[in-house]
Amino acid sequence: MDKKKVRIPQQKRSIEKKERIIEAANRAFNQKGYFEIYINEIAEEAGLSTGTVYAYFKDKKDILLACLERSRQKILHDITKEIAGLSETGDLTQTMVNILHILIKFHTNLTRRFHDEVKSLQYRDQDIGNYYMDTQSAMMNTVTQEINRQGYAFRHPHEQIFLACHMVDRIQDELAFSETPDIDPAILVTDCAEVIVSMLVKTEKQIASACDYNS
């Protein structure tokens, strides 16, 4: 078995090639699903040789993880930016609504087939499963840290973060794929945001800021 290490791109041209592969894989996975796509098809979609793809990725799963990582970084960036704006708006519920829309938008960019196949891999493949656990932790750590900076905290962090994660995960699927036609998306998102906000309390920082404002 070939144990040759994959190439870590340093030059602009190499970085661009790797990005082309990730973009092509995203398109291919969404068009045909993960299980029905082969490396040579990803290479063809990217306009590169199969050998070039293998120069940057060990296998198809390695490419999938790169696709997921790109999405994770985008989501974390958008969430951080959204919460940072809370200091100007002061509207915690609307901030939570906006965060939910960021997560829902990510799901709507996936076809149902690709989404379901990747979700099934969480339980069938240890690397994918570990990645999703890490992603959930990273996402909630980001939200928690940014909320703390804004002067808020969960009353019971472990339990309430667990509850929020599962609630949001279910809502993402519901609104991305319309599983229950009678549900009003706007109400669902707003009520979910209000439930999360109800778990939060003001910290000493936020109380001090309110006192300074009112004095």
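How much length, in nm to one decimal, is gained on full extension between ASP182 and THR50, taken as 0.36 nm per residue of separation minus their Cα-Cα distance?
Difference between extended and current length: 42.8 nm.
In whole percent, how big is the carbon plus sulfur part of the accessible area of the stretch 1-144, probe 1.4 Å, protein atoms only? Kindly include the intermediate steps, with their values, before the conclusion.
Details: 4140 of 8330 Å².
Carbon and sulfur together cover 50 percent of it.
Using the per-residue mean of other Cβ atoms lying within 10 Å as a proxy for protection, in what order, highest first, do the peptides 180-190, 71-81 fall?
Most protected by this proxy first, the peptides run 71-81, 180-190.
So what's the angle, to the nearest 10 degrees on a 0 to 90 scale, between helix 126-149 and the longest Cα principal axis of the chain?
The answer is roughly 30 degrees.
From the phi of every residue in the stretch 108-115, what ³J(HN,Hα) in whole Hz does the Karplus formula 6.51 cos²θ - 1.76 cosθ + 1.60 yield, where θ is phi - 60° and glycine or proline is x?
5, 7, 9, 6, 4, 5, 4, 4
Can you list the HN-Hα couplings for the stretch 67-82, worked out from phi with the Karplus curve (6.51, -1.76, 1.60; θ = phi - 60°), rounded to whole Hz and with x for Gly and Pro?
Along the stretch 67-82, the couplings run 5, 5, 5, 4, 5, 4, 5, 5, 5, 4, 5, 5, 5, 4, 5, 5 Hz.
Per residue of the stretch 175-187, in order, report the coupling 6.51 cos²θ - 1.76 cosθ + 1.60 (Karplus, θ = phi - 60°) as ³J(HN,Hα) in whole Hz, putting x for Gly and Pro.
Running phi through 6.51 cos²θ - 1.76 cosθ + 1.60 with θ = phi - 60° gives 7, 6, 10, 6, 6, 10, x, 6, 7, 8, x, 4, 5 Hz.
So between VAL6 and VAL197, what do we pick up on full extension, going 0.36 nm a residue minus the alpha carbon distance?
Gain on extension, VAL6 to VAL197, equals 64.3 nm.
Under the definition of Cα pairs under 8 Å and six or more residues apart, what whole-number percent is the relative contact order of the chain?
Numbers: 178 pairs, mean separation 45.2, N = 215.
Taking the mean separation of contacting Cα pairs over the length of the chain, I get 21 percent.
For a quick check: with amide H placed at 1.01 Å from N, whose amide H comes under 5 Å from THR203's, ignoring anything fewer than 5 positions away on the same chain?
Excluding prolines and chain starts, which carry no amide H, the hits are TYR152, ALA153.
Of the listed pairs LYS18/LYS105; LYS32/LYS58; LYS12/LYS60; LYS5/LYS58; LYS60/LYS119; LYS12/LYS105, which have alpha-carbon separations greater than 19 Å here?
Distance filter (> 19 Å) returns LYS18/LYS105; LYS32/LYS58; LYS12/LYS60; LYS12/LYS105.
Using a cut-off of under 20 Å, list every residue of the stretch 131-156 whose amide N is near the label point 7 Å from the Cα of ASP59 along the Cα-to-beta-carbon line.
Label zone hits: 131-133.
Relative contact order (percent) for the stretch 21-118, with alpha-carbon contacts under 8 angstrom and 6 or more residues of separation?
Over the stretch 21-118, the number comes to 34 percent.
Provide the net charge surrounding TYR34, with neighbours chosen by a C-beta distance below 13 Å and charges set as Lys +1, Arg +1, Asp -1, Glu -1.
Summing Lys and Arg as +1 and Asp and Glu as -1 gives +1.
How big is the charge dipole of the stretch 121-170 about its Cα centre, in debye rounded to the nearest 20, if each Lys and Arg gets +1 on its Cβ and each Asp and Glu gets -1 on its Cβ?
200
Going by alpha carbons, how many degrees (0 to 90, nearest 10) lie between the helix axis of 12-32 and the longest principal axis of the chain?
Result, in degrees: 80.
The values are calculated or read from the model by the stated rules, or taken from the named source; none is laboratory data. Nothing here was measured: the structure is a model prediction, and the numbers come from that model. For neighbour counting, all protein chains shown are included, and Cβ atoms are generated from backbone atoms with ideal geometry for every residue, glycine included. The area values use the complete protein model at the heavy-atom level, side chains included, leaving out ligands, DNA and RNA. Shrake-Rupley method; radii C 1.70, N 1.55, O 1.52, S 1.80 Å.
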